[in-house]
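J.: Before I ask anything, let me first share the structure, which is written out below as structure tokens.
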């Protein structure tokens with residue numbers, strides 16, 4: 001049975017938004033940030049750079065440091081501090097990824113074997129701790145207590161979000177509010193902090209820092225909503241990407257949450273078996289996709305993402321029009337349109 | 001076969017040193033620190049305080065925060081900052097314990113079931129991250145970049161030490177230098193930082209901060225050496241305490257390291273089997289204790305501890321005699337004499 005869930009119903013859609021313009025603008029700064037990252041993940045304990053390199057050098061979009069650099073640029077900042085703080089943000093992100101993979105017992109990330117598979121959970125936990133500590137060392141070198149407060153608060157909120165998510169695993173009664181609180185904490189808090197520190201280093205008025213915090217937070221929520229939709233996307237599957245990770249882990253993300261609440265008794269019994277009891281068999285993912293499709297749960301997850309995306313864009317309204325502003329607005333569209 | 005390894009050959013020894021005097025002096029401050037700890041481990045995510053309370057409220061000696069409070073008192077400090085920073089130090093320590101138990105796959109700590117057994121590895125990793133973040137939030141509230149530098153550096157060194165230890169597991173060729181580097185990093189760095197921040201809050205001359213850093217570092221090394229000896233101590237076993245944890249985990253601590261280097265071919269083959277190959281059978285711990293005893297490896301581990309203890313005491317030489325100084329010197333004796 002082929003399941004085709006087409007997320008895109010607007011055939012007249014214009015060219016897709018990309019991150020290209022933003023990446024072009026911050027290109028030189030990002031190269032410096034990458035150098036700082038490579039330099040500062042060094043340790044005489046060889047396993048640390050080896051393992052960190054696996055995750056950090058493997059690439060990924062570097063979205064969070066790019067946001068720090070872009071936010072600083074939007075505020076007219078020309079100095080070097082943003083580069084180092086962008087590296088801090090990436091270190092915090094990498095540390096959480098290492099710990100997430102241990103917590104989720106993941107085998108693959110972006111198609112590569114995860115560090116916990118290659119070097120064991122133990123090394124992943126400890127190297128995560130090292131990168132987290134290293135991030136704080138970098139902040140201390142920067143010397144701003146305001147930045148330290150923003151990023152240490154974000155770190156505590158991220159950990160709270162991860163614990164909340166763990167407690168919601170397998171709970172089909174998870175409310176949308178509770179789900180939103182999880183993604184606001186585990187994902188959006190770092191997006192928000194990454195953007196806010198860009199304004200702080202530029203020493204701009206509080207209103208601009210708040211605007212960028214709001215931009216980052218809403219963008220982060222939209223980003224995670226789309227991520228959670230992509231985990232059930234037939235297009236992703238057609239591209240050869242793995243889907244169904246959240247399903248197998250019993251995570252009650254919005255697609256399941258909506259399908260459960262909109263479902264009939266038989267469907268709810270299905271969700272209870274596969275998610276609550278963790279009793280999954282061959283063909284269950286396909287059935288999940290079918291039920292999710294029947295209730296338009298993916299389309300509506302993306303609709304929710306559009307809502308937060310719209311708030312992210314409006315948050316930037318107080319800034320003068322400029323190319324960097326346009327590129328940050330485009331980053332919002334990119335985050336949502338990557339679903340198609 | 002009963003194995004009696006008597007660590008104490010000096011029968012004429014005076015009354016044992018205790019922590020009582022130090023604990024009396026800091027009693028009121030420590031009560032405030034405990035209040036801060038209980039208040040600041042709070043989170044609306046219930047699992048966080050529940051799990052943290054299991055480890056933090058279960059007690060233990062609170063040795064590290066006591067050292068911060070004692071060091072501050074030695075420097076004549078009378079304010080409140082040391083109490084909050086003592087709580088930071090305990091949070092860092094607790095975070096590392098939570099992660100250690102995951103890394104070591106421990107079932108018991110101080111005779112209680114470990115958090116990872118009760119709530120799972122996942123919760124232990126994430127609540128550790130939370131406590132670590134919370135520690136940095138507390139430091140940021142304190143507002144001293146110098147304190148932040150000391151404790152963030154210590155955190156990175158601790159993580160490096162833990163990774164080093166992981167890489168040495170099962171390696172009978174571990175040198176004493178390498179072993180010392182591990183314990184200086186994983187244990188002594190936090191003892192050193194705990195003491196140093198006591199001098200920093202008192203705004204005393206650099207020499208006093210350095211003296212307390214040295215006191216803490218050497219005390220920490222002595223403390224860990226004794227811990228590593230205790231894991232093979234017949235007296236501990238007679239007291240009903242678990243021994244042999246390091247042995248089962250294949251950790252090459254000084255007692256094994258000395259026994260291996262002093263051993264004959266047959267004994268080395270034994271260590272290779274049980275530690276390198278991890279092939280352990282009933283009776284192996286008893287045989288390990290016998291070989292360790294034959295080579296006086298426990299006595300000499302304690303002798304090494306005395307060496308670092310002596311350095312710790314001499315480090316305090318620049319301070320005027322006082323009751324708090326006496327009690328800090330006694331803490332060194334206590335750390336070593338608890339082996340008997």
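The values are calculated or read from the model by the stated rules, or taken from the named source; none is laboratory data. Keep in mind it's a predicted model, so treat the numbers as computed, not measured. Using ideal geometry, Cβ is built from the backbone for each residue, glycine included, and neighbour counts are taken over all protein chains shown.
J.: Does residue A:155 satisfy the criteria of being surrounded by 24 or more Cβ atoms within 10 Å (Cβ to Cβ) and free of Cβ contacts under 8 Å to residues at least 60 places away in the same chain?
T.: Details: surrounded by 24 or more Cβ atoms within 10 Å (Cβ to Cβ): yes; free of Cβ contacts under 8 Å to residues at least 60 places away in the same chain: no.
No: the conditions fail for residue A:155.
J.: What do you reckon, is residue A:228 in contact with a helix residue (DSSP H, G or I) (Cβ under 8 Å, 6 or more places away or on another chain), in a helix (DSSP H, G or I), at pLDDT 95 or above and within 21 Å of residue A:114 (Cα to Cα)?
T.: Details: in contact with a helix residue (DSSP H, G or I) (Cβ under 8 Å, 6 or more places away or on another chain): yes; in a helix (DSSP H, G or I): yes; at pLDDT 95 or above: yes; within 21 Å of residue A:114 (Cα to Cα): yes.
Judged against the criteria, residue A:228 is a match.
J.: Same structure again: Checking residue A:18 against (1) under 30 Å from residue A:142 (Cα atoms); (2) modelled with pLDDT under 95, which single condition isn't satisfied?
T.: (1)
J.: Would you tally the residues in region B:158-179 being more than 8 Å from every other protein chain (Cβ to nearest Cβ) and assigned to a helix (DSSP H, G or I)? So that I can check it myself, show each step before the final result.
T.: Applying the first criterion (more than 8 Å from every other protein chain (Cβ to nearest Cβ)) to region B:158-179 yields B:161, B:165, B:168-179.
If we keep only those that are assigned to a helix (DSSP H, G or I) too, we end up with B:161, B:165, B:168, B:176-179.
Within region B:158-179, residues that are more than 8 Å from every other protein chain (Cβ to nearest Cβ) and assigned to a helix (DSSP H, G or I) number 7.
J.: Here is a further query. Identify all residues within region B:18-46 that are within 17 Å of residue B:129 (Cβ to Cβ) and crowded, with 19+ Cβ neighbours inside 10 Å; write none if there are none.
T.: Correct list: B:40, B:41, B:43, B:45.
J.: Among the residues of region A:101-120, write down those that are part of a helix (DSSP H, G or I) and more than 9 Å from every other protein chain (Cβ to nearest Cβ).
T.: To start, the set of residues in region A:101-120 that are part of a helix (DSSP H, G or I) comprises A:101-104, A:115-120.
Residues satisfying the conditions are A:101, A:115, A:116, A:117, A:118, A:119.
J.: Separate question: Evaluate region A:105-115: report whether one residue or more is in contact (Cβ under 8 Å) with a residue 60 or more places away in the chain, more than 16 Å from the chain's Cα centre (by Cα) and under 26 Å from residue B:93 (Cβ atoms).
T.: Yes: region A:105-115 contains one or more residues that are in contact (Cβ under 8 Å) with a residue 60 or more places away in the chain, more than 16 Å from the chain's Cα centre (by Cα) and under 26 Å from residue B:93 (Cβ atoms).
J.: Read through the list (1) surrounded by fewer than 23 Cβ atoms within 10 Å (Cβ to Cβ); (2) at the interface with chain A (Cβ under 7 Å from one of its Cβ atoms); (3) modelled with pLDDT under 95, then give the number of the only condition that residue B:123 fails.
T.: Unmet for residue B:123, out of (1) surrounded by fewer than 23 Cβ atoms within 10 Å (Cβ to Cβ); (2) at the interface with chain A (Cβ under 7 Å from one of its Cβ atoms); (3) modelled with pLDDT under 95: (1).
J.: Does region B:187-202 contain any residue that is crowded, with 18+ Cβ neighbours inside 10 Å, over 23 Å from residue B:77 (Cα atoms), within 8 Å of chain A (Cβ to nearest Cβ) and without any contact (Cβ under 8 Å) to a residue 60 or more places away in the chain?
T.: If we filter region B:187-202 for residues that are crowded, with 18+ Cβ neighbours inside 10 Å, which is where we start, we get B:187-202.
Subsequent filtering for residues that are over 23 Å from residue B:77 (Cα atoms) retains B:187-188.
The next check asks that each one be within 8 Å of chain A (Cβ to nearest Cβ); those that pass are none.
No, region B:187-202 contains no residue that is crowded, with 18+ Cβ neighbours inside 10 Å, over 23 Å from residue B:77 (Cα atoms), within 8 Å of chain A (Cβ to nearest Cβ) and without any contact (Cβ under 8 Å) to a residue 60 or more places away in the chain.
J.: Okay, moving on. If I ask for residues that are in a helix (DSSP H, G or I) and facing chain A (nearest Cβ under 7 Å), which ones from region B:133-155 would you list? Show your work before the answer.
T.: From region B:133-155, those in a helix (DSSP H, G or I) are B:133-142, B:145-155; that's our starting set.
B:133, B:134, B:136, B:137, B:140, B:145, B:148, B:149, B:152, B:153, B:155, listed by residue number.
J.: From the list A:180, A:166, A:145, which residue is surrounded by fewer than 23 Cβ atoms within 10 Å (Cβ to Cβ) and at pLDDT below 95?
T.: On the way: A:180 fails: at pLDDT below 95; A:145 fails: at pLDDT below 95.
Unique residue meeting the criteria: A:166.
J.: Can you list the helices (runs of 4 or more DSSP H) lying wholly within region A:238-277 that have 2 or more residues being within 22 Å of the chain's Cα centre (by Cα) and within 20 Å of residue A:164 (Cα to Cα)? Step through it out loud before you land on a result.
T.: On the way: elements: A:245-249, A:254-262, A:265-271.
In region A:238-277, the matching helices (runs of 4 or more DSSP H) lie at A:245-249, A:254-262.
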